[in-house]
Amino acid sequence: MTKDLKLMMARLTPLFKRRRQTRYWLSLVNQTYTPAYNFFMNVQPKDQRQRSIPLHSLINYDLADLETFIGLLRQHTQLTIEYVGFEEMRWPESNRVIQWRPRRDE
């Protein structure tokens with residue numbers, strides 16, 4: 001486990017409270033103006049507003065390293081990962097499209 005992954009899991013674990021009727025998911029945002037990848041934890045109880053909590057930023061702006069990091073992250077959590085800012089980009093190793101089209105709020 002890498003240092004970044006340990007730090008992220010240490011921040012993620014207390015936020016995931018397994019409450020009934022509550023949605024939990026991760027957002028991965030590609031910031032092109034300051035080259036970094038930002039992770040956010042999203043929590044939305046039923047009939048309430050969504051909260052987005054910053055978890056971690058990866059300063060190493062390399063898509064191959066990000067693909068490896070996502071693989072390690074998926075071994076430790078089963079939360080859904082929502083990709084933002086990766087329109088029509090492809091993973092280097094698997095050549096799969098990361099995000100087909102931008103979201104409505106992008």
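Some values worked out for this structure:
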| item | result |
| --- | --- |
| Complete set of residues in segment 8-36 that are among the aliphatic types (A, V, I, L, M) and surrounded by 13 or more Cβ atoms within 10 Å (Cβ to Cβ) | M8, M9, L12, L15, L26, L28, V29, A36 |
| Hits in segment 37-84 (condition: assigned to a loop (DSSP other than H, G, I, E, B) and open to solvent by 50 Å² or more (accessible area, probe 1.4 Å)) | K46, D47, Q48, R49, Q50, I59, N60, Y61, D62, Q78 |
| Filtered residue count, segment 2-43, keeping only those that are among the aliphatic types (A, V, I, L, M) and touching a Ser or Thr at 6+ places or on another chain (Cβ under 9 Å) | 6 |
| Among (1) in contact (Cβ under 8 Å) with a residue 60 or more places away in the chain; (2) of a type outside the set (V, I, T); (3) in contact with a strand residue (DSSP E or B) (Cβ under 9 Å, 6 or more places away or on another chain), the one test that R11 misses | (1) |
| Residue pairs meeting the criteria (Cβ under 9 Å; at least 6 apart or on separate chains; first under 12 Å from L28 (Cβ atoms), in segment 62-91; second of a type in the set (S, T, N, Q) and open to solvent by 50 Å² or more (accessible area, probe 1.4 Å)) | L66/N60; E67/S94; F69/T2; F69/N60; G85/T32 |
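The values are calculated or read from the model by the stated rules, or taken from the named source; none is laboratory data. All values reported here derive from a predicted model rather than from experimental measurement. Positions of Cβ are backbone-derived with ideal geometry, glycine not excepted, and every protein chain shown enters the neighbour counts. Accessible surface areas use protein heavy atoms only, side chains included; no ligands, DNA or RNA. Shrake-Rupley method; radii C 1.70, N 1.55, O 1.52, S 1.80 Å.
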